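Take a look at the structure set out below.
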Amino acid sequence: MHIELTTQPPEAELKILSKGIQSYNSGYLTEQVATEPDTRFAVFARNNQGIVVGGIRANAYWNYCIIELLWLASEARGQRIGSQLIHAAEAHAKSCGFEYVRTETLDIQAKPFYQKLGYNVFGELPDYPKGHTTYCLIKKL
């Protein structure tokens, strides 16, 4: 046996890992759930010149949509653009049949913003990153 660490894993070998866990899960989950592909998507906010000034990167599977990140340029903040991005992501997730949205945010970021939009804290990761707290939030669609 040989153990190898790489910071540039080949896509084909990453697929081997995905197929392997799907095969294992199929012994416990329905085939449809075990082999469900990721639904990756993004929502962008662009200014009048077409430049991206914010957006959401998301991934969805197993009836959950995961907002991986939400970012707004400083000039786009305070204009309800963040709320519009969230609503667009939620609408897309719901139209695809997903029932929940979850995300994480740092204590220095957007916890009150998400809570105002109906998200509830279900967990905290203290000292992640060091000196800060990460909040895990969820919302039923």
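Since every read-out is calculated from the coordinates, none of them should be taken as a lab result. This structure is a prediction, so every number in the text was calculated from the model and none was measured. Cβ placement follows ideal geometry from the backbone for every residue including glycine, while neighbour counts extend to all protein chains displayed.
Taking (1) surrounded by fewer than 12 Cβ atoms within 10 Å (Cβ to Cβ); (2) of a type in the set (S, T, N, Q); (3) closer than 29 Å to L137 by Cβ in turn, Q22 satisfies each apart from (1). Scanning the range 118-140 for residues being in contact (Cβ under 8 Å) with a residue 24 or more places away in the chain, crowded, with 16+ Cβ neighbours inside 10 Å and either closer than 13 Å to I67 by Cα or in contact with a helix residue (DSSP H, G or I) (Cβ under 7 Å, 6 or more places away or on another chain) (or both) gives a total of 4.
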